[in-house]
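Presented below is the structure to which this report refers.
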Amino acid sequence: MSVIGKSEIRKDVRLKVTGKAVYIDDLSFPEMLWVKVVRSPLPHGLIKRFNPSSALAVQGIVSVLTYKDIPGTNVVPIVLMDQPLLAEKVVRYIGEPIALIAGEDRQAIEEGAREIDIEFEKLPPILDPLMAMKEDSPKIYGKDNIFSHHRIRRGNIRQGFEECDLVVENRYTTSYQEHAYIETQGVIAVPYEGRMKIYGSLQCPFYVQHAVSSVLGLPYSQIEVIQTTTGGAFGGKEDVPSLVASQAALVAFHTKRPAKLIYTREEDVESMSKRHPAVIDYKSGVTKEGYLKAVQVKYVLNAGAYSTLSPIVLWRGTVHAVGPYKCPNVKVDSYAVATNTVPCGAFRGFGMPQITFAIESQMDELANRLHIDPIEFRLRNILRKGDRTVTGHLIKESMELEKTLKKASQIGWKREREISNGYKKRGMGIACNYYGVGLGAGGRHLAKAGAWVSVLSDGSVNFAVGTTEMGQGMETVLSQILANELGVKYERVSMVPTATTQVPDSGPTVASRATVMSGNALIKAARPIKKSIMEVASKMLKSPISKVKLADGYATSGTKRIGLDEVIDKCFQQRKIMSSQGWYKAPYTSWNKATGQGKPYFVYSTGTNLAEVEVNTLTGEVTVKRIIAVHDVGKVINPQTAAGQVEGGVLQGIGYALFEDMAPAGGKILNTNFSTYILPTAKDAPEIVSNFIEDPYPQGPFGAKGLGEQPIIGVAPAVINAIFDATGVRIRDLPATPEKIIAELNSHHPTFIPLGRR
Ligand code: MOS
């Protein structure tokens, strides 16, 4: 495995660091128009009058479009089909799109937008999900404002709690989190000989294809989606580009000119999906020996005005609601609730950072109250091979959580803790988590992937997949997988931009699925080509096929060796098949909606985070000193890229734990720029020790599982548990701002003696 496990240089790095990568806003087309979206200033209201005439009178304005101009269906198709592309009579959140203004330049559309004459009648907004769930609440969705409800039923919950020696019950709440990708949403729609070409910054080209098709009323075959270099996504470009692209495409459709739509940061933050705020009521019970006996959870997500991806975000959170632990009696009820706020959606972790914050805070509290070391307490409860999850899934392979826990504690837990210095208190915290790789039973119909491989006569290689590079390193990792499979040098392999015309619908680029899904599809695509090369090499080497090996740009047999370029050239002379398609279907998954039992995912990645913090007890400020992150993700294809994923996830997790907060007032987000939305910077980066447990997953490409989302999930609870260890104060409402910590410090005298100082 000569290319696997090597830190090959990233394929996208040179263009990106030299500024030569072409992002969507760098592109332009002849005759191109600019588009601006007219949005609702109200969280809830009726559109009483809409008059575009003075906007149309502005010089340079070409067109103003509303829902009446939609030739297909006014729905952005995702899960529940409840979201219009453009509001018709009712607006349901601040920032909801109402109309599109197209003009010759940026200035014209700004001026046109100011001239739009629009009158609303205010309706009372529902801003709080718990209020929205009340029977007497006004309804904005269905009979009960609930988009989605999932459950788990296992054992006997009442009896389970009766058998416990200690029961801990708490409410946890979390805030919004903004993706903060550097590149805002952007798309150019180009009408081309009756077809519609979409270029854009996006994660899921096939979602965009379906949405544009539905809005324009054209067959999928007439919509071509080409991903441009994407400057970050983190889930924020999973479903959202379906809207952005449909908006641009509607303009292009009517004007027959290319249409460019680039969101400003302010409108991006105001109107685009983010991590759901959650309210989690969590009750857990243990025996005095420290074994989990019963867990009851009510998990509520504030979904916002439309359901978007909330039903699936909620499902993932539900499946993992007890954490990577054994528990015989479980009752979980989860709800995605409609409110007059911005629709929330996918964000790295996808419903898991919220619930994991609650799970791991509970675990920490249970351990402390039982006077059991938190690592020892987890070791008594964690899932190992041969155990069943709370959904009844018997784990047969690749579950190495115990190793991550032991490795993390070996690196950090026993280290001499720094002595607290007066008012500056030091502490350590731990959190474990697991993550079902891929879409699982909730998205089974999409759990597939295609790939195309073409070896060219000069020995260089092109490939295409249906998943996308968005900065995470997929292009690099897949190039390594393909290079290794064909035995060619890594430098000879390159990926063509992901487009809907290259491979069949391969599902979305989400759920940490690209390595396993596209990696396996690529290996299958390479098979017939590899066979051609082997046959020819065997003749050239005068050696039986079984003795021929392909690696590092050579075909070898014993001591004989020949350059692959030469073999490939011969393959072409002999007209061998040198280009091929591959198709991979995910392993079996299942889910019983009534009981929440089944095999929801085919495999889980797992991990342990240890956090060391210093809390200034005069100001409430928290400094994260060190994070030790040990992840079990199967074989690591590229160690440096993997470490990069962990470092990014750790920083996002610290932001989630300590800084990132939205301040909506009356449904309006007030901090819509990075001057007021506080993100961690390099200055807030602690020492990050990343480490991997590399037990190969037999069904992954060269043993790999998924990594993308795993790094963020356990960071916030590790930090929060460390704050408790340092101060005796437990924050149950994220983020743990200095104000909250000071208020807690002042409100009670800590009675708890942190572990390190016993
Ligand atoms: Mo991801 S949060 O599954 O786009």
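The values are calculated or read from the model by the stated rules, or taken from the named source; none is laboratory data. Predicted model, so just to flag it, every value in this text is computed and none were measured. Here Cβ is always computed from backbone atoms with ideal geometry, including for glycine, and neighbour counts include all displayed protein chains.
Structure above, values below:
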| quantity | calculated |
| --- | --- |
| Odd one out for Pro508 among (1) within 16 Å of the ligand (Cβ to nearest atom); (2) in a helix (DSSP H, G or I) | (2) |
| Residue ID - farthest from Arg378 (Cα to Cα), chosen from residues in segment 284-313 that are of a type in the set (A, V, I, L, M, F, W, C) and in contact with a Gly (Cβ under 6 Å, 6 or more places away or on another chain) | Leu309 |
| Test for Tyr192: is it aromatic (Phe, Trp, Tyr), over 16 Å from Gln502 (Cα atoms) and under 24 Å from the mean Cα position of the chain (by Cα) | no |
| Test: residue in segment 721-734 that is within 16 Å of the ligand (Cβ to nearest atom), modelled with pLDDT of 95 or more and surrounded by 24 or more Cβ atoms within 10 Å (Cβ to Cβ) | no |
| Which listed residue is over 29 Å from Pro717 (Cα atoms) and either assigned by TED's automatic domain parsing to the domain that holds Leu65 or of a type outside the set (A, V, I, L, M) (or both), from Pro129, Pro138 | Pro138 |
| Neighbours by Cβ (under 7 Å, 6+ apart or cross-chain): first from segment 338-359, among the aromatic types (Phe, Trp, Tyr); second at pLDDT below 95 | none |
| Qualifying residue in segment 690-705 (condition: in contact with a helix residue (DSSP H, G or I) (Cβ under 6 Å, 6 or more places away or on another chain), closer than 24 Å to Val322 by Cα, among the hydroxyl-bearing types (Ser, Thr, Tyr) and surrounded by 17 or more Cβ atoms within 10 Å (Cβ to Cβ)) | yes |
| Residue ID - farthest from the chain's Cα centre (by Cα), chosen from residues in segment 124-150 that are assigned to a strand (DSSP E or B) and crowded, with 17+ Cβ neighbours inside 10 Å | Ile146 |
| Leading residue by the ranking (farthest from the ligand (Cβ to nearest atom)) among those in segment 322-371 that are basic (Lys, Arg) and assigned to a loop (DSSP other than H, G, I, E, B) | Lys326 |
| Close pairs from segment 4-17: first more than 25 Å from Gly487 (Cβ to Cβ), partner crowded, with 16+ Cβ neighbours inside 10 Å, Cβ under 8 Å, at least 6 apart | Leu15/Ala21; Leu15/Thr229; Lys16/Thr229 |
| Residue in segment 104-123 that is within 20 Å of Met196 (Cβ to Cβ) and outside any helix (DSSP H, G or I) present | no |
| Selection within segment 511-534 - of a type in the set (Ser, Thr, Tyr) and either within 16 Å of the ligand (Cβ to nearest atom) or under 21 Å from the mean Cα position of the chain (by Cα) (or both) | Ser512, Thr515, Ser518 |
| Residue among Ala525, Ala514, Ala499 that is in contact with an Asp or Glu (Cβ under 8 Å, 6 or more places away or on another chain) and either within 30 Å of Lys237 (Cα to Cα) or in the same structural domain as Val465 (by TED's automatic domain parsing) (or both) | Ala499 |
| Residues within segment 562-608 that are among the β-branched types (Val, Ile, Thr) and crowded, with 23+ Cβ neighbours inside 10 Å, tallied | 5 |
| 1 or more residues exposed (fewer than 14 other Cβ atoms within 10 Å of the Cβ): qualifying strands (runs of 3 or more DSSP E) within segment 13-74 | 45-51 |
| Residue in segment 610-623 that is over 30 Å from Lys331 (Cβ atoms) and over 36 Å from the mean Cα position of the chain (by Cα) present | yes |
| Any chance Glu178 is of a type in the set (Asp, Glu), crowded, with 24+ Cβ neighbours inside 10 Å and either over 21 Å from the mean Cα position of the chain (by Cα) or within 30 Å of Val17 (Cα to Cα) (or both) | yes |
| Check on Ile712, within 16 Å of the ligand (Cβ to nearest atom), in contact with a Gly (Cβ under 9 Å, 6 or more places away or on another chain) and outside any loop (DSSP other than H, G, I, E, B) | yes |
| Looking only at segment 563-614, and only at residues there that are part of a loop (DSSP other than H, G, I, E, B) and among the polar types (S, T, N, Q), the one that is farthest from Ala464 (Cα to Cα) | Thr595 |
| Test result for Ile280, away from the ligand (no atom under 16 Å from the Cβ), under 30 Å from Val168 (Cα atoms) and touching a Lys or Arg at 6+ places or on another chain (Cβ under 9 Å) | yes |
| Answer residue from segment 657-671, given it is within 21 Å of the chain's Cα centre (by Cα) and part of a loop (DSSP other than H, G, I, E, B) and is surrounded by the fewest Cβ atoms within 10 Å (Cβ to Cβ) among those | Asp661 |
| Residue, farthest from the ligand (Cβ to nearest atom), within segment 204-213, restricted to residues that are touching a residue at least 60 places away in the same chain (Cβ under 8 Å) and under 19 Å from Asp69 (Cβ atoms) | Ser213 |
| Residue within segment 549-560 that is in contact (Cβ under 8 Å) with a residue 40 or more places away in the chain, farther than 22 Å from Val636 by Cα, of a type in the set (Asp, Glu) and not in a strand (DSSP E or B) present | no |
| The lone exception for Ile78 - which of (1) in contact with a helix residue (DSSP H, G or I) (Cβ under 9 Å, 6 or more places away or on another chain); (2) outside any loop (DSSP other than H, G, I, E, B) it fails | (2) |
| Index of the failed condition, Ile712 passing every other in (1) over 22 Å from the mean Cα position of the chain (by Cα); (2) buried (at least 22 other Cβ atoms within 10 Å of the Cβ) | (1) |
| Total residues in segment 214-247, condition crowded, with 23+ Cβ neighbours inside 10 Å, in contact (Cβ under 8 Å) with a residue 60 or more places away in the chain, on the phi < 0 side of the Ramachandran plot and within 16 Å of the ligand (Cβ to nearest atom) | 10 |
| Candidates Ala57, Ala87, filtered to the one that is assigned by TED's automatic domain parsing to the domain that holds Asp117, at pLDDT 95 or above and over 30 Å from the mean Cα position of the chain (by Cα) | Ala57 |
| Residue in segment 433-449 that is in a helix (DSSP H, G or I), under 30 Å from Lys407 (Cα atoms), within 14 Å of the ligand (Cβ to nearest atom) and not hydrophobic (A, V, I, L, M, F, W, C) present | no |
| Output for segment 196-245, where each listed residue is of a type in the set (S, T, N, Q) and part of a loop (DSSP other than H, G, I, E, B) | Ser201, Gln203, Thr228, Thr229, Thr230 |
